[in-house]
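The values are calculated or read from the model by the stated rules, or taken from the named source; none is laboratory data. These figures come from a predicted structure and were not determined experimentally. Cβ placement follows ideal geometry from the backbone for every residue including glycine, while neighbour counts extend to all protein chains displayed.
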Amino acid sequence: MTASPDGTPPDGPADQARDARAGTAGATRTTFPVLAVVGAGQLARMSAPPAVGLGVRLRVLATDPDESAAQVVPDVVLGGPDDLEALRRVAAGAAALTLDHEQVPTEHLRALEAEGVAVRPGPDALEHAQDKLLLRRRLEAMGVPGPAWAEVRSAQDLRAFGERAGWPLVLKTPRGGYDGKGVLFAGSPDGAAAWLERAAGEPLLAEEAVRSTRELAVMVARSPSGQAAAWPVVETVQVGGVCREVIAPAPGLDDDLAAEATALALRLAGELGVTGVMAVEGFEVPAGDGGPPRFLVNELAMRPHNSGHWSIEGSVTSQFEQHLRAVLDLPLGSTAPRARWTVMVNALGGDYPDLFHSHLHVMARDPAVKVHLYGKDVRPGRKVGHVTAWGDDLEAVRARAAHAADYITGTVDG
């Protein structure tokens, strides 16, 4: 920030709001902003309720009128995220443009910025969430702790890295993978032969298979004016490459490690120029020789994230409300927890397509559990919703959330 000519500090969001209010005395029309969202998945859908509370109008870019957010947001533009003209249509007249997912060409976002659109997060930050090899190079240059890694293009490259890092290895497609997709655990070069052949000389990311105590995630938010906030560090439980459960806060987490991970996430948001909410996923690993545990960064997501869904009921300000506040440069809200423990469990598609009646059963059985359904057709293994429970007894809270999610999935029937 720079000082004004008389040496006083620049106005913050609260001062700007006061000045704007004084300038609109007697106005007959509201000035609440429109926020354009590229993508109409469940993240955009869950942004709708806090947008109503903030007086923000959402406009979503959907590829299909039946997409999750398009079912609940009235202002819908149809088109794909790789269509520059569709991006221009959704951004027209909006105060800012943000993203439901990262799969938007950065050259299109740069074109929008050149035309005066406030793209948040901007393409220079977003490319680190789109390209895992670019992220690894940047984190290494910043001295951020992470797994040993290498760019590989052949079986010889992979074998050489395996000899240095040890087997098994984790092989990743640099772009596009999520929820276990684009990830292979390879015990030898032979186990990765099909992937290397399919890549046809294009680079892949190879990483050591981290021997971790558990997986952790840190959610932070940052606004254009430099405000920043962080939620408690959470534990994430993965099953088959998909997040099954999030426990907030991470139980038994060393205070120093929690502070270290939070400070690192805030540093990353600042140095990468992130605007909005960002998730930093990582590993808790023992340091050895009796030293303190360490936090290794795995991946970043520059948007609301599955590891922050617990905050809808569990935090004073949810990740969705905070993202709206941040990208519109509104004052950020409190991230204080509302309960001692909050647990979120994902509900995956199973054998029961009638989610409405499953929801009715869960509401009757445990009225204090909250169920969020995404308006998606049921397919096995697909995230169709999540369940949140909270309270003072962690094991009881975990059991309640898990039972509700399992009933929706169809793995239990009572």
Would you pick out the residues in segment 347-362 that are without any contact (Cβ under 8 Å) to a residue 12 or more places away in the chain and acidic (Asp, Glu)?
-> ASP354
Determine if segment 135-157 includes at least one residue that is out of contact with any Asp or Glu (no Cβ under 7 Å at 6 or more places or on another chain), surrounded by fewer than 20 Cβ atoms within 10 Å (Cβ to Cβ) and closer than 29 Å to ARG382 by Cα.
-> no
When you look at GLU284, is it surrounded by 17 or more Cβ atoms within 10 Å (Cβ to Cβ), in contact with a strand residue (DSSP E or B) (Cβ under 9 Å, 6 or more places away or on another chain) and free of Cβ contacts under 8 Å to residues at least 40 places away in the same chain, yes or no?
-> no
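Quickly run through segment 383-414 and pick out the residues that are modelled with pLDDT of 90 or more and in a loop (DSSP other than H, G, I, E, B). Give the derivation first.
Of segment 383-414, the ones modelled with pLDDT of 90 or more are 383-408.
Residues satisfying the conditions are ASP392, ASP393.
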What residue, among those in segment 19-51 that are at pLDDT below 60 and in a helix (DSSP H, G or I), is nearest to ALA118 (Cα to Cα)?
-> ALA20
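Just need a number here: residues in segment 386-414 that are of a type in the set (Gly, Ala, Ser) and within 12 Å of TYR352 (Cβ to Cβ). Working first, answer last.
Kept after step one, since they are of a type in the set (Gly, Ala, Ser), are these residues of segment 386-414: 389, 391, 396, 399, 401-402, 404-405, 410, 414.
Subsequent filtering for residues that are within 12 Å of TYR352 (Cβ to Cβ) retains 410.
Summing the residues that are of a type in the set (Gly, Ala, Ser) and within 12 Å of TYR352 (Cβ to Cβ) in segment 386-414 gives 1.
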Is it true that ASP66 is assigned to a loop (DSSP other than H, G, I, E, B), farther than 23 Å from GLY176 by Cβ and outside the structural domain of GLY276 (by TED's automatic domain parsing)?
-> yes
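Can you tell me how many residues within segment 175-215 are in contact with an Asp or Glu (Cβ under 8 Å, 6 or more places away or on another chain) and modelled with pLDDT of 90 or more?
Taking segment 175-215 first, the residues in contact with an Asp or Glu (Cβ under 8 Å, 6 or more places away or on another chain) are 175, 203-206, 212-215.
Within this subset, residues satisfying the condition of being modelled with pLDDT of 90 or more are 203-206, 212-215.
Result for segment 175-215: 8.
Is it true that GLU85 is of a type outside the set (Val, Ile, Thr), in contact with a helix residue (DSSP H, G or I) (Cβ under 9 Å, 6 or more places away or on another chain) and surrounded by fewer than 21 Cβ atoms within 10 Å (Cβ to Cβ)? Quick ask: steps written out before the conclusion?
Numbers: of a type outside the set (Val, Ile, Thr): yes; in contact with a helix residue (DSSP H, G or I) (Cβ under 9 Å, 6 or more places away or on another chain): no; surrounded by fewer than 21 Cβ atoms within 10 Å (Cβ to Cβ): yes.
No; evaluated as a whole, the condition is false for this residue.
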Considering every residue within segment 84-93, establish whether at least one is touching a residue at least 40 places away in the same chain (Cβ under 8 Å), assigned to a loop (DSSP other than H, G, I, E, B) and closer than 21 Å to ARG325 by Cβ.
-> yes
Among residues belonging to segment 239-264 that are under 18 Å from the mean Cα position of the chain (by Cα) and of a type in the set (D, E, K, R), point out the one that is nearest to SER311 (Cα to Cα).
-> GLU245
In the set ARG267, ARG244, the lone residue that is basic (Lys, Arg) and outside any helix (DSSP H, G or I) is ARG244
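Kindly indicate whether ALA401 is surrounded by 13 or more Cβ atoms within 10 Å (Cβ to Cβ) and in contact (Cβ under 8 Å) with a residue 12 or more places away in the chain.
Numbers: surrounded by 13 or more Cβ atoms within 10 Å (Cβ to Cβ): yes; in contact (Cβ under 8 Å) with a residue 12 or more places away in the chain: yes.
For ALA401, the condition - surrounded by 13 or more Cβ atoms within 10 Å (Cβ to Cβ) and in contact (Cβ under 8 Å) with a residue 12 or more places away in the chain - is met.
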Candidate set: segment 366-382, residues that are among the basic types (Lys, Arg) and touching a Lys or Arg at 6+ places or on another chain (Cβ under 8 Å); chosen: the one surrounded by the fewest Cβ atoms within 10 Å (Cβ to Cβ) = ARG382
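Tell me yes or no: at least one residue of segment 219-231 is touching a strand residue (DSSP E or B) at 6+ places or on another chain (Cβ under 7 Å) and free of Cβ contacts under 8 Å to residues at least 60 places away in the same chain.
So the first thing to find is which residues in segment 219-231 are touching a strand residue (DSSP E or B) at 6+ places or on another chain (Cβ under 7 Å), and the list is 219-222, 228-231.
So of that shortlist, the ones also free of Cβ contacts under 8 Å to residues at least 60 places away in the same chain come out as none.
The answer is no; no qualifying residue exists.
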Here the residues within segment 208-229 that are surrounded by fewer than 19 Cβ atoms within 10 Å (Cβ to Cβ) and part of a strand (DSSP E or B) are ARG214, ALA228
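So that you can scan it fast, the table gives a plain yes or no per residue for (1) part of a strand (DSSP E or B); (2) within 30 Å of PRO74 (Cα to Cα):
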site: GLU102; (1), (2): no, yes
site: ALA129; (1), (2): no, yes
site: PRO145; (1), (2): no, no
site: GLU151; (1), (2): yes, no
site: LEU158; (1), (2): no, no
site: LEU171; (1), (2): yes, no
site: PRO174; (1), (2): no, no
site: ALA193; (1), (2): no, no
site: GLU202; (1), (2): no, no
Taking the condition at pLDDT 95 or above and under 28 Å from PRO174 (Cα atoms), does LEU54 pass?
-> no
